[in-house]
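Participant: Below you'll find the structure I mean.
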Amino acid sequence: MSPQQRVWDHFQRTYGRPPTVVVRSPGRINLIGEHTDYNGGPVLPAAIDRAIWMAAAARTDSRCRMWACDVEETCIVEGKPAAPVVKPNWANYILGVLTTMGWPGGMDIVFGGDLPVGAGVSSSAALENAAALAADALFDLGYARLELVRITHAAENHFVGVPCGIMDMFAGMMGRKDAFIQLNCRALTWSYLPFEAPDHTWVLCHSGVERRLATSEYSARRRECAQGVAALQTLVPELGTLSEATPDLLKAAQGRMPPLIFRRCRYVVGETARTAAAAEALCNSDYKALGALLYQTHVGLRDDFEVSCPELDFLVEQGMRHSACLGARLMGAGFGGCTLHLVRRAEAPAFIAHLSEAYLRAFGRPMAAWTVRPADGATIVVGPD
Ligand code: GLA
């Protein structure tokens with residue numbers, strides 16, 4: 001049964017009526033431009049062909065009933081909550097969006113899908129985007145897509161309380177089939193770069209390492225980057241974000257910041273340049289150059305930004321040694337989750353088998369892997385009449 005059919009059936013069974021809307025809301029990968037979104041820099045993400053499906057209908061009261069059919073958990077709130085619920089945590093992504101929208105009305109909701117949770121492919125942003133699009137359709141709110149992105153981003157920052165950048169929500173909402181999004185996170189301007197490479201594919205390898213440090217260390221990195229900006233501003237007061245700094249300016253300011261802050265800044269300034277180079281390589285279908293840039297990003301994330309872990313390093317290094325792999329890096333915030341590999345399509349099954357075996361031998365735990373493809377962003381697949 002397809003995920004769409006499954007959420008439909010669950011909805012009918014749970015609430016005794018059919019849903020009014022069904023939304024498909026994808027996860028994302030990020031080709032390059034890691035930890036640059038909150039530094040006002042460029043990112044190159046894409047929505048992927050794995051998603052959350054949400055079936056929903058409006059209610060006549062202000063109650064919100066939610067059913068997560070894959071994990072068989074429910075949550076019911078009587079109206080706009082004053083604070084996040086303690087459990088289940090997933091409910092806060094939906095409640096945060098509805099609260100940020102001013103609680104347009106009560107809803108019955110069922111969701112599920114084939115997007116791995118906790119793997120660093122933005123299942124939380126997918127859930128937020130799904131709730132935003134469903135509420136917008138059900139209550140005829142008429143938001144533009146970019147406004148919905150701002151709403152889901154605000155919900156995550158202010159209601160859920162995770163200080164993330166805008167990339168994940170943007171990619172999940174604005175993705176386009178067979179293209180990466182070249183997004184400037186300072187100006188919020190974007191364009192689409194086609195990825196039509198019949199001989200190449202993207203493989204995600206999930207380390208299975210829980211991203212436990214992700215929230216606290218993520219906040220720490222944001223603070224360290226802000227410290228870097230403050231030091232740079234002693235030379236160039238009008239500097240707004242770290243990604244505006246040139247390598248020369250950073251060098252000139254090296255003595256004005258502690259060595260650790262300098263390394264954080266060196267990574268972000270380097271990543272900003274690499275992302276531009278990667279966009280060019282993508283446009284030229286130069287996958288060798290692209291792969292080399294991905295690996296350079298990994299080295300920077302590992303040594304200067306320090307967000308890797310032995311499992312991710314292993315998957316990247318072992319991956320790079322395989323003849324099928326042109327480039328690899330940890331993807332997302334780090335501290336666990338997935339690595340992303342650019343792989344020759346014909347050899348992808350052999351590549352995955354090789355890496356799975358090596359990983360099991362080295363760490364005694366299985367590795368999950370998925371080949372993914374850039375896909376359209378969140379879509380209403382069944383709309384109100
Ligand atoms: C997480 C955040 C994003 C971004 C990445 C790192 O996925 O949600 O906003 O900062 O980490 O690039």
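Participant: Might you tell me the accessible area per residue for the chain, computed with a 1.4 Å probe and given in Å²?
Facilitator: Counting only protein heavy atoms, the per-residue value for the chain is 40 Å².
Participant: OK, next. So if I place +1 on the C-beta of Lys and Arg and -1 on the C-beta of Asp and Glu, and nothing else carries charge, what would the dipole magnitude of the stretch 1-91 be about its Cα centre? I want it in debye, nearest 20.
Facilitator: The calculated dipole for the stretch 1-91 is roughly 340 debye.
Participant: How large is the dipole of the chain about the Cα centre if only Lys and Arg carry +1 and Asp and Glu carry -1, each at its Cβ, rounded to the nearest 20 debye? The partial results should precede the final answer.
Facilitator: Working: 36 positive and 39 negative charges, 75 e Å.
For this selection, approximately 360 debye.
Participant: What does the accessible area of D376 come to, in Å² to the nearest 10, when a probe of 1.4 Å is used?
Facilitator: Accessible area, nearest 10 Å²: 70 Å².
Participant: Another question about this same structure. Quick one: putting +1 on the C-beta of Lys and Arg, -1 on the C-beta of Asp and Glu, what dipole do you get for the stretch 84-187 around its Cα centre, in Debye to the nearest 20?
Facilitator: Working: 6 positive and 9 negative charges, 50 e Å.
Computed charge dipole of the stretch 84-187: roughly 240 debye.
Participant: Right, something else. Using a 1.4 Å probe over the heavy atoms of the protein chains, calculate the carbon and sulfur portion of the accessible area of the chain as a whole percent. Can you show the working numbers first?
Facilitator: Numbers: 7890 of 15330 Å².
Exposed carbon and sulfur together represent 51 percent of the surface.
Participant: Under a 1.4 angstrom probe, counting protein chains only, how are Y218, Y295 ranked by accessible area, largest first?
Facilitator: Listed by decreasing accessible area, they come as Y295, Y218.
The values are calculated or read from the model by the stated rules, or taken from the named source; none is laboratory data. From a predicted model like this one, the values you see are computed outputs, not experimental measurements. Glycine gets a Cβ as well: all are built from the backbone with ideal geometry, and neighbour counts include every protein chain shown. Remember, those area values only see protein heavy atoms, side chains included, never the ligands or the DNA or RNA. Shrake-Rupley method; radii C 1.70, N 1.55, O 1.52, S 1.80 Å.
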